[in-house]
1. Would you confirm whether or not region 106-114 contains a residue that is under 10 Å from the mean Cα position of the chain (by Cα) and surrounded by fewer than 22 Cβ atoms within 10 Å (Cβ to Cβ)?
2. For the structure I just gave you, tell me whether A69 is modelled with pLDDT of 90 or more, away from the ligand (no atom under 16 Å from the Cβ) and over 29 Å from W13 (Cβ atoms).
3. In region 80-125, how many are out of contact with any strand residue (DSSP E or B) (no Cβ under 8 Å at 6 or more places or on another chain), aliphatic (A, V, I, L, M) and closer than 18 Å to V215 by Cα?
4. Given I129, I103, which one is of a type outside the set (S, T, N, Q), over 17 Å from I34 (Cβ atoms), open to solvent by less than 40 Å² (accessible area, probe 1.4 Å) and within 16 Å of the ligand (Cβ to nearest atom)?
5. Show the residue pairs that are 6+ apart or on different chains and have beta-carbon atoms under 6 Å apart, the first residue being within region 58-78 and open to solvent by 50 Å² or more (accessible area, probe 1.4 Å), the second being hydrophobic (A, V, I, L, M, F, W, C).
6. Mind telling me which of the residues S116, S146 ends up being away from the ligand (no atom under 16 Å from the Cβ), over 19 Å from S167 (Cα atoms) and modelled with pLDDT of 90 or more?
Amino acid sequence: MQPADSVDLVKAWITEAQRVVVLTGAGISTDSGIPDFRGPQGVWTANPAAEKQSTLQHYLADPQVRQAAWRSRLVHPAWTARPNRGHLALVELQRRGKLHALITQNIDGLHRKAGSRSVTEIHGSLREIFCVRCGKEYRAPKIPDSTPPLCNCGGVLKPNTVLFGESLPPQALETARRESGACRVMLVIGTSAVVQPAASLPYVAKEHGAAVVEVNIEQA
Ligand code: ZN
């Protein structure tokens, strides 16, 4: 099948489908200047120590790791990044009533910034922090301190982004699974979806009879 035919076919599916769900990954944000952390230019490839910062056990045990992780959060390109055409196209799809849920592995918050609603961030968000002791959530602050402040209860604060050795937010995961099982078409954009549990979502969709379409984003 020629690519043009594929595009027409996908358009037809989207037009006819009652429920369309999108699953996005790092590839949709690279055009906004957010590095793909598993890609060849990824931050983990460039800096193996960054991977250590992303491990919950180290974060909790080692103040120096916390400090380094906090500094990385402060300089994360997501704070100044702007949504790109990919994010905006999904806003448009939603405006037309064709997109029912947007599930993302990205922590950059760009889907919300672009104006998308019903966004489920299964790996959490850089824009939220929470207390690992009492669970209190603090929304959005880019706290300019060089070290993570403590919660009022004295507990360690942590960016609400999922680390290795840490479970995904159960509520977000439940929503993602429910939406995947209820859609007729799932668009998988900018992710190879090899990391669990995101990798299971297209299978959930398929098992329930949905068409799963992988959209690969080519670098310009
Ligand atoms: Zn607390």
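1. Looking only at region 106-114, we keep the residues that are under 10 Å from the mean Cα position of the chain (by Cα), and these are 106-111.
Next cut, surrounded by fewer than 22 Cβ atoms within 10 Å (Cβ to Cβ) only: 109.
Yes, because at least one residue in region 106-114 is under 10 Å from the mean Cα position of the chain (by Cα) and surrounded by fewer than 22 Cβ atoms within 10 Å (Cβ to Cβ).
2. Details: modelled with pLDDT of 90 or more: no; away from the ligand (no atom under 16 Å from the Cβ): yes; over 29 Å from W13 (Cβ atoms): yes.
For A69, the condition - modelled with pLDDT of 90 or more, away from the ligand (no atom under 16 Å from the Cβ) and over 29 Å from W13 (Cβ atoms) - is not met.
3. The total comes to 3.
4. Working: I103 fails: within 16 Å of the ligand (Cβ to nearest atom).
Selected residue: I129, the only one of I129, I103 that is of a type outside the set (S, T, N, Q), over 17 Å from I34 (Cβ atoms), open to solvent by less than 40 Å² (accessible area, probe 1.4 Å) and within 16 Å of the ligand (Cβ to nearest atom).
5. Listed by first residue and then by second, the contacts come to H58/V65.
6. On the way: S146 fails: modelled with pLDDT of 90 or more.
On inspection, the qualifying residue turns out to be S116.
The values are calculated or read from the model by the stated rules, or taken from the named source; none is laboratory data. Here the structure is a predicted model, which means the values were calculated and not measured. Every residue, glycine as well, gets a Cβ built from its backbone with ideal geometry; the counts of neighbours run over all protein chains shown. Just so you know, the surface numbers come from the protein's heavy atoms only, side chains and all, with ligands and any DNA or RNA stripped out. Shrake-Rupley method; radii C 1.70, N 1.55, O 1.52, S 1.80 Å.
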